[in-house]
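Worksheet: one structure, shown below.
The values are calculated or read from the model by the stated rules, or taken from the named source; none is laboratory data. Note that this is a predicted model, so its numbers are computed, not measured. Virtual Cβ from ideal backbone geometry, glycine too; neighbours counted across all protein chains shown.
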Amino acid sequence: MPRVRDRIDREYAQPLDVEALARGVNVSAGHLSRQFRLAYGESPYSYLMTRRIERATALLRRGDLSVTEVRFAVGCSLLGTFSTRFTELVGVAKQVTRPIRNREARTPEPQLA
């Protein structure tokens, strides 16, 4: 299993799936998943996504790439999967708000009594 973990660490930005990882070590995907979980406490996919999110966090801290650019740089093609896993691991929730129109943003004039 160390070879699989090392490959994930090296190639996290490449399209990797459990079947491809299993072929690389000549075992079935099911066997790889079971053995990897026994050795490291999580599935190969979960480990891969953790590595991707760790790298994404470092890239986002630099501040010179957009979230979309970072997502693709770490090998995540699906926004929903990336967002969900990022929130699970980093704990940052995306806030969705509607734009405020100028009239709504104005503060009311104080009333004199």
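Here is how the numbers come out for the structure above:
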read-out	value
The lone exception for N26 - which of (1) on the phi > 0 side of the Ramachandran plot; (2) at pLDDT below 95 it fails	(2)
Cross-chain or 6+ apart pairs with Cβ under 6 Å, region 40-55 first and more than 11 Å from R85 (Cα to Cα), then of a type in the set (G, A, S) and assigned to a helix (DSSP H, G or I)	S43/S33
Residue in region 40-61 that is farthest from L16 (Cα to Cα), counting only those that are surrounded by 15 or more Cβ atoms within 10 Å (Cβ to Cβ) and basic (K, R)	R55
Residue identified as touching a residue at least 12 places away in the same chain (Cβ under 8 Å) and more than 11 Å from the chain's Cα centre (by Cα) among L60, L21, L65	L21
Meets criteria (assigned to a helix (DSSP H, G or I), of a type outside the set (F, W, Y) and loosely packed, with under 13 Cβ neighbours inside 10 Å) for L32	no
Among residues of region 62-77, those that are surrounded by 17 or more Cβ atoms within 10 Å (Cβ to Cβ) and charged (D, E, K, R), counted	1
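For (1) at pLDDT 95 or above; (2) in contact with a strand residue (DSSP E or B) (Cβ under 8 Å, 6 or more places away or on another chain); (3) closer than 25 Å to I8 by Cβ; (4) not in a helix (DSSP H, G or I), each residue gets a yes or a no:
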site: A39; (1), (2), (3), (4): yes, no, yes, no
site: E54; (1), (2), (3), (4): no, no, yes, no
site: L65; (1), (2), (3), (4): no, no, yes, yes
site: R71; (1), (2), (3), (4): no, no, yes, no
site: T81; (1), (2), (3), (4): no, no, yes, no
site: V92; (1), (2), (3), (4): no, no, yes, yes
site: Q95; (1), (2), (3), (4): no, no, no, yes
site: Q111; (1), (2), (3), (4): no, no, no, yes
